[in-house]
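Laboratory data are not the source of any read-out in this text; all were calculated from the coordinates shown. The structure presented is a predicted model; accordingly, all values stated were derived computationally and were not measured. Glycine also receives a Cβ, built like all others from the backbone with ideal geometry; neighbour counts cover every protein chain displayed.
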Ligand code: B12
């Protein structure tokens, strides 16, 4: 599958072109996750242009809008696994951070795999994660952050799970573009997942 054109269109923030190219690729049998990964790479280039002041906030907002429309086209093609519910996962973007696109993709993929996903949204307070774990008895918590300043809230969220006496009963996964193994270690997480497929693999290893 050749996603080069689609990526170029996305980077150029060409909405209709990107979306019609996605439709064309899907009709040609493109793998949904490969399309999402290509779009994520394009978003990363857009982010770099923003950092270099070649793009401004308006372009980031437009890019997010295109991404959301693209995901709405792609996600119905994700294969939904049959069978009973496999266990509960609480997920959210931590307090201070409003980036939700990647977190939503992780949540969608986990739902497709049959997990009961409790998505708390974005800018989520540590206490809200604690409450949801108590309420649902979830064994996995996924924390997303795209802002480096949000690493502190990630850590704070895990600390509050500890204080509530819940840390031993949950596995905590962290993810988001700037997150890596070092950040996971700093926050006291169990693992770092680089993308949605990795999130599914990790959750599977914890809830099998
Ligand atoms: C789109 C975007 C926005 C949109 C967000 C729309 C939305 N509501 O989600 C808007 C325009 C609103 C926005 C706002 C801002 N943004 Co912004 N944004 C981006 C951009 C371009 C793309 C992010 C994205 O959606 N990527 C696509 C998704 C699919 O990828 P992903 O999030 O990485 O998710 C994947 C994996 O990481 C993983 N994953 C994600 N979460 C999780 C969770 C778990 C548990 C696991 C296992 C895996 C996992 O799986 C996903 C699928 O593969 C990034 C650039 C970048 N490099 O990412 C900047 C970027 C994150 N933004 C940045 C900034 C600075 C901001 C603003 C502060 C700008 C401003 N001056 O106001 C505000 C933030 C306000 C706030 N309080 O949060 C900086 C952050 C820099 C830093 N060091 O912290 C970046 C890196 C751009 C840059 N290079 O400067 N942004």
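Below 8 Å, C-alpha to C-alpha, sequence gap of six or more: please give me the relative contact order for the chain in percent.
16
Between the helical axis of 101-112 and the dominant principal axis of the chain, each derived from Cα atoms, what acute angle in degrees is found, rounded to the nearest 10?
70
Helix 57-74 against the longest principal axis of the chain: what's the angle in degrees, Cα atoms only, rounded to the nearest 10?
The angle comes out at about 90 degrees.
Using a ≥ b ≥ c from the Cα gyration tensor of segment 88-207 (square roots of the eigenvalues), is it rounded, prolate or oblate, where a/c under 1.5 gives rounded and otherwise the larger of a/b and b/c decides, a/b for prolate?
rounded
Find how much the distance from residue 52 to residue 149 grows on full extension, using 0.36 nm per residue of separation minus their present alpha carbon separation; answer in nm with one decimal.
Gain on stretching residue 52 to residue 149: 33.0 nm.
Given a Förster distance of 25 angstrom, what is the FRET efficiency for residue 182 paired with residue 41, based on the Cβ-Cβ distance and rounded to 0.05?
So, using R0 = 25 Å, E works out to roughly 0.65.
Between 0 and 90 degrees, rounded to the nearest ten: what's the tilt of helix 126-136 against the longest Cα principal axis of the chain?
70
Between segment 34-105 and segment 112-127, how many Å separate their Cα centres?
15
When a/c reaches 1.5 or more, the comparison of a/b and b/c decides; with that in mind, is segment 17-129 rounded, prolate or oblate per its Cα gyration tensor?
In terms of gyration-tensor shape, oblate.
Taking 0.36 nm per intervening residue step and subtracting the Cα-Cα distance, what contour gain separates residue 81 from residue 15 on full extension?
Full-extension gain reported as 20.6 nm.
At 7 Å along the Cα-to-beta-carbon direction for both residue 60 and residue 164, put a label point, then send me their distance in nm to one decimal.
Once both label points are built, they end up 2.9 nm from each other.
Within a 10 angstrom radius of the beta carbon, how do 173, 207 rank from fewest other beta carbons to most?
So the ranking, lowest neighbour count to highest, is 207, 173.
Can you tell me the order of 113-120, 1-8 when each peptide is scored by its average per-residue count of other Cβ atoms within 10 angstrom, highest first?
My ranking of the peptides, most packed first, is 113-120, 1-8.
Tell me whether the chain comes out rounded, prolate or oblate; compute the Cα gyration tensor, take square roots of the eigenvalues as a ≥ b ≥ c, and use a/c under 1.5 as the rounded threshold.
Oblate is the answer for the chain, as a/c is 1.5 or above yet b/c matches or exceeds a/b.
Pull out the extension gain between residue 72 and residue 208, defined as 0.36 nm times the separation in residues minus the alpha carbon to alpha carbon distance; nm, one decimal.
Extra length from residue 72 to residue 208 when fully extended: 46.0 nm.
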